[in-house]
Amino acid sequence: MFNDIGPLELITLVVLAVLVFGPDKLPKVIQDVMRTVRKIREFSESAKQDIRSELGPEFKDFEFEDLNPKTFIRKQLDNDELGLKEIRNGFDLKKEMAEVTDAVHSTDTSPSSSSGGRIDMTKKPDEPGKDDRPPFDADAT
């Protein structure tokens with residue numbers, strides 16, 4: 001909850017608390033705040049247990065953190081039943097990108113090259129001459 005509070009902010013909060021509540025009342029205020037936090041946690045855990053008991057035994061492993069979409073997707077993708085780990089491990093992105101890069105930077109323009117029928121994507125299309133007009137299609141107009 002307070003993971004992003006630095007030491008300077010913490011010291012500022014302590015000094016501010018001493019100034020607002022005074023050194024005599026500060027321990028009592030801290031006890032009251034901690035008691036309230038404990039009650040809220042107990043209430044939250046009780047509510048979670050009630051929901052789990054109402055859902056039934058098939059949801060005994062249900063975690064409320066799984067309702068977060070990122071956590072849910074990560075948990076489903078890590079599931080071995082789908083076989084996604086084999087697919088993910090079988091796909092080498094660096095190798096695929098190297099093949100695409102080689103195909104793009106290839107200077108071989110002959111169709112009978114050893115590239116297995118790859119199309120040379122670096123070849124620029126021939127520019128039509130100024131006198132070359134597309135054929136007139138009477139049905140299209």
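Listed values, structure above:
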| item | result |
| --- | --- |
| Candidate set from segment 31-48 (those that are open to solvent by less than 100 Å² (accessible area, probe 1.4 Å) and of a type outside the set (Ser, Thr, Tyr)); member that is farthest from residue 21 (Cα to Cα) | 48 |
| Matching helices (runs of 4 or more DSSP H) fully within segment 1-113 where at least 3 residues are modelled with pLDDT of 90 or more | 7-55 |
| Pairs with Cβ under 7 Å, 6+ apart, first in segment 33-60 and of a type outside the set (Phe, Trp, Tyr), second part of a helix (DSSP H, G or I) and open to solvent by 70 Å² or more (accessible area, probe 1.4 Å) | 52/59 |
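The values are calculated or read from the model by the stated rules, or taken from the named source; none is laboratory data. Bear in mind that the values here come from a model prediction, so they are computed numbers and not experimental data. Virtual Cβ from ideal backbone geometry, glycine too; neighbours counted across all protein chains shown. Keep in mind that these areas ignore ligands, DNA and RNA; they rest on the heavy atoms of the full protein, side chains included. Shrake-Rupley method; radii C 1.70, N 1.55, O 1.52, S 1.80 Å.
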